[in-house]
Each structure stands twice: as C-alpha cells, then as structure tokens.
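Structure, as structure tokens:
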Amino acid sequence: MRLKDRVAVVTGGAGAIGGEITKLLAREGARIVIADVNTEDSGKLVAEVKALGSEALAVNADVIEIDQAGKMVEEALARFNQIDILVNVAGGSTGPSIKTKMDFFARSEKTRGEEILRLNLLAPLNCARAVINHMMERRRGAIVSISSTAGVIGMMKGVEYSAAKAGIVGMTITLAKEAAEYGIRVNCVSPGIVGTERVFKMAPDRIPQWEKGIKLGRLCQPEEIASAVLFLVSDESSYITGQNIIVDGGLCLGPEGY
C-alpha cells in the first residue's frame, strides 16, 4: 500500500471526481477525511471507505469560508492527530454552489464572477492556509489541487472560471517554492472534459463534438484523475513539486493536422 499510515483530507470528497479520489487513496491505505457540504453522499462514502478496510471521517464544511476550512482541519486532527495529504477538489463552473448560468463575459452577471472565484480559487487557498503550518511543523506533506484545462487554453462562456483555474496553477507554483524547504510538495492536476453524470445530463448533444476535438477520442474518466492524484501524493513522485499535470487526452494539443 502506497499510502499506509497517512491521513488525507479531500475537499469535495463526495462528488464524482472527489469520490473516486477518496476511494483510490483509501485502497492504498490512507485514512480519509471527506470534506463536503453534501452530508448524505459523504455518509455513504464513509461506509464505502470502511468496506475497503480503511478509516474515514465526514466533515460538513463549506470551505469557501475560511473558518470552516479551519474547522475541517481541527476535526481531522482531533480524529487522526496528523494530516499528510490535502487534495483540493471542491470547485466547478456549474452546480448547486453556482447560482447563475454560464454566459459570455460581456453579458454575464457580476455575482457569477464572485461565486466562481470564491469556489474555485479562494476555497483552495483557504484549505492550504488551514493546513500549511501543521505540515511545516511536521516537515512533510503533499498538497494537490484540481485545476482545469480551462486555466491553460480557456473555456468559452467561462472567463471567470478560466481565470480561477489559472490562479490555481499560480498558487501551486508559488506555494511549492515557499514550502519546499519544509519537505512539502505542492502540485496540481488539470483535467480536460470529464465524463461525469452531471456532464452527460448537462450537454449530451455536445459530447460528440467534444470527443472529436480530443486526440484520444473520448472523455476523461474520474478514475483517471484519481490515478494522477495518487501518483502526486505518493512517494513515487517524491522529486516532483510545483507542477501542473494535464490529464486531457490531448485536448490541449490543438486542431487536427496542426
């Protein structure tokens, strides 16, 4: 087991991508703190983690708020006495946390920009701030944040989302520089279009078009994002820090024949 005796905090840990990350880290021996506002799904996932032979704690925390990010860390330490891994998954361009619709920037609502930036950039910053001093004291730790190819090549009707995800890359690089001397590694993963249930429901008619623009010809699976995260939090990547690993099937490689 690659993560035996380690404790991992996964924000958005009950979602489609976060859930796969949670289960994979648990299978590799990590004890898991599932931080999510969806208490029903978190409870179900705790039972799944226990069935895998590991331990799990569900924390109801909206990490957009700095005090709730702190509460999440306090509850994790009260239960497990240590945090070795932080995975920032909570985010998104649509869904229950984002109350306004995607639109072109010229006609988008100001409130949408604020919601997007808080969820996708401020929340990971809050969580990193809440855990960094504990990791520095222990002189070890791994932080991985989920960014997006939107932060690399942009996304139509997603100016604020693309800006926030690009900010995750900047946060990762800079925190990696500051934390390296304490034995803490900081990286991020940028998924392309992930084939979650929500994506299939939201835009079923656009999926063939998206697949045509992806060199491998299909959407990413949540399990493939989880595998990249596992690599970055394990000792297999012990000499990797400050990197953005793009997991997109070739989406960012440009148009056919170029």
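The values are calculated or read from the model by the stated rules, or taken from the named source; none is laboratory data. Small disclaimer: the values here were computed from a predicted structure and weren't measured. Cβ atoms come from the backbone with ideal geometry, glycine included; neighbour counts cover every protein chain shown. These area figures cover heavy atoms from the full protein model, side chains too; ligands, DNA and RNA do not enter into them. Shrake-Rupley method; radii C 1.70, N 1.55, O 1.52, S 1.80 Å.
Odds and ends about this structure:
- Taking every alpha-carbon pair under 8 Å whose residues sit at least 6 apart, segment 109-258 reaches a relative contact order of 26 percent.
- Cα-projected label distance for Phe104 with Lys212, points at 7 Å along beta-carbon direction, nm: 2.2 nm
- Label-point gap, in nm, between Glu114 and Glu74 - each point 7 angstrom along Cα→Cβ: 2.7 nm
- Those lysines that a straight Cα-Cα span of less than 28 Å connects to Lys4, excepting residues fewer than 8 apart in one chain: Lys23, Lys44, Lys50, Lys71, Lys177
- Per residue, segment 134-258 exposes 52 Å² of solvent-accessible protein surface, assessed with a 1.4 angstrom probe and all protein chains in place.
- The share of accessible area on the chain that comes from carbon and sulfur is 53 percent, using a 1.4 angstrom probe.
- The Cα center of segment 180-233 and the Cα center of segment 4-45 differ in position by 17 Å.
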